[in-house]
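Student: What follows is a structure written as structure tokens; I'll ask about it next.
The values are calculated or read from the model by the stated rules, or taken from the named source; none is laboratory data. Quantities reported herein were computed from a predicted structural model and do not represent experimental measurements. Quick reminder, even Gly has a Cβ in these numbers, built from the backbone with ideal geometry, and neighbours come from all protein chains shown. Surface accessibility is based on the protein's heavy atoms, side chains included, excluding ligands, DNA and RNA. Shrake-Rupley method; radii C 1.70, N 1.55, O 1.52, S 1.80 Å.
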Amino acid sequence: MTTLVTGGTGRLGRPTVDALRAHGHAVRILSRRPGPDHVVADLATGAGLTAALEGVDTVVHLATSRSKDIGQTRMLLDALSGTGAHLVFISIVGVDRVPYAYYRDKVASERAIEDSGVPHTIIRATQFHGFVSEFLDAQRRLPVTLVVPATVQTIHMPEVAERLVELVAAGPQGRAADLGGPELLTLREHAAEWQRAHGIRRPIWTLRLPGAFARAVREGGLTAGLPGAGRVTFREYLVDQLAGRATNGA
Ligand SMILES: NC(=O)c1ccc[n+]([C@@H]2O[C@H](COP(=O)([O-])OP(=O)(O)OC[C@H]3O[C@@H](n4cnc5c(N)ncnc54)[C@H](OP(=O)(O)O)[C@@H]3O)[C@@H](O)[C@H]2O)c1
């Protein structure tokens, strides 16, 4: 049984490849660049894709690009058509509630997969702890920490990777249950945790922005609800990260 991971070189892709291997799967990594166990292909042009899919039973589709996701998903679906391989696709909780171009693209990818006839599983996850921590790290040198009024339910990326492995083993099931982290916290609370973990004390300013996107995230549009399946909290993630046990991305 061979599993191809698109985006296997990315933030979520690396722990997913590790988790698949730990569970005994033969893994091939689709990347635009050569590397160990890589098969070189480009989802934007389709170059190398047919060869990449040869002998593959499952494709875990994690590749993403800010503005071309739907084109890349369609390219992959065309190549998968008739092969019988199972496509596992990662999406984001709230993509149909929060108006944002990247999310509209994700919804379009979900629809294209559902309409394709390709055996599939779609799972939506909430934001990764590392995503919020990167946003706060970027403000490390500012005299204040800026946040917007949003409630999020961040999750530890290795837990998402483990769930993807379960979905590979389970076979096609259409839309799987959403995957959320263990806590609902505002970005202000995340900023306070981040400052505590880094031994930094500075004012946290909450900027109330206008518009439909800001309103949707303020109203919890990105959350999956409690109890979330994730167990590792943002605070525990930060402790691990500072001890060098988790990278920013994981
Ligand atoms: N960030 C979050 O909090 C969050 C939450 C839920 C779901 N997600 C979803 O999780 C997925 C993975 O996100 P990530 O942050 O791990 O992504 P990432 O680190 O930005 O990695 C992007 C990957 O896409 C690949 N890629 C881009 N264009 C490609 C192309 N034309 N052909 C082939 N491969 C291409 C890259 O591979 P090469 O450069 O090696 O070619 C790279 O491995 C995304 O779908 C994202 O929306 C993210």
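Student: Residue check: is ALA79 out of contact with any Ser or Thr (no Cβ under 9 Å at 6 or more places or on another chain), over 27 Å from ALA150 (Cβ atoms) and more than 10 Å from the ligand (Cβ to nearest atom)?
Tutor: Here the answer is no, as ALA79 does not meet what is asked.
Student: While we're here: Just to verify a result, which residue in the range 27-48, among those that are touching a helix residue (DSSP H, G or I) at 6+ places or on another chain (Cβ under 9 Å) and part of a loop (DSSP other than H, G, I, E, B), is nearest to LEU87 (Cα to Cα)?
Tutor: Among them, the one singled out is LEU43.
Student: Take GLY181 and decide whether it is within 15 Å of the ligand (Cβ to nearest atom), surrounded by 18 or more Cβ atoms within 10 Å (Cβ to Cβ) and assigned to a loop (DSSP other than H, G, I, E, B).
Tutor: Criteria met by GLY181.
Student: Of the residues that make up the range 120-128, is at least one of a type in the set (A, V, I, L, M), within 16 Å of the ligand (Cβ to nearest atom), crowded, with 20+ Cβ neighbours inside 10 Å and over 14 Å from the mean Cα position of the chain (by Cα)?
Tutor: No; the residues of the range 120-128 include none that is of a type in the set (A, V, I, L, M), within 16 Å of the ligand (Cβ to nearest atom), crowded, with 20+ Cβ neighbours inside 10 Å and over 14 Å from the mean Cα position of the chain (by Cα).
Student: Quick one: ALA197 ticks every box in (1) free of Cβ contacts under 8 Å to residues at least 60 places away in the same chain; (2) in contact with a Phe, Trp or Tyr (Cβ under 7 Å, 6 or more places away or on another chain) except a single one, so which number is it?
Tutor: Of everything listed in (1) free of Cβ contacts under 8 Å to residues at least 60 places away in the same chain; (2) in contact with a Phe, Trp or Tyr (Cβ under 7 Å, 6 or more places away or on another chain), ALA197 misses just condition (2).
Student: Can you pull out every residue in the range 6-26 that is open to solvent by 30 Å² or more (accessible area, probe 1.4 Å) and either in a helix (DSSP H, G or I) or under 21 Å from GLN127 (Cβ atoms) (or both)?
Tutor: The answer is THR9, ARG11, ARG14, ASP18, ARG21, ALA22.
Student: While we're looking at this one, here's another question. Please indicate, with yes or no, whether at least one residue in the range 74-92 is acidic (Asp, Glu) and assigned to a helix (DSSP H, G or I).
Tutor: Within the range 74-92, one or more residues are acidic (Asp, Glu) and assigned to a helix (DSSP H, G or I).
Student: Then there's this: From the set of residues in the range 58-68 that are open to solvent by less than 60 Å² (accessible area, probe 1.4 Å) and in contact (Cβ under 8 Å) with a residue 40 or more places away in the chain, which is farthest from the ligand (Cβ to nearest atom)?
Tutor: THR58
Student: Restricting attention to the range 184-213, which residues are surrounded by fewer than 17 Cβ atoms within 10 Å (Cβ to Cβ) and among the small types (Gly, Ala, Ser)?
Tutor: Scanning the range 184-213 gives ALA192, GLY199, GLY211, ALA212.
Student: Follow-up. Does ARG104 satisfy the criteria of being touching a strand residue (DSSP E or B) at 6+ places or on another chain (Cβ under 7 Å), open to solvent by 70 Å² or more (accessible area, probe 1.4 Å), away from the ligand (no atom under 12 Å from the Cβ) and charged (D, E, K, R)?
Tutor: So ARG104 fails the test.
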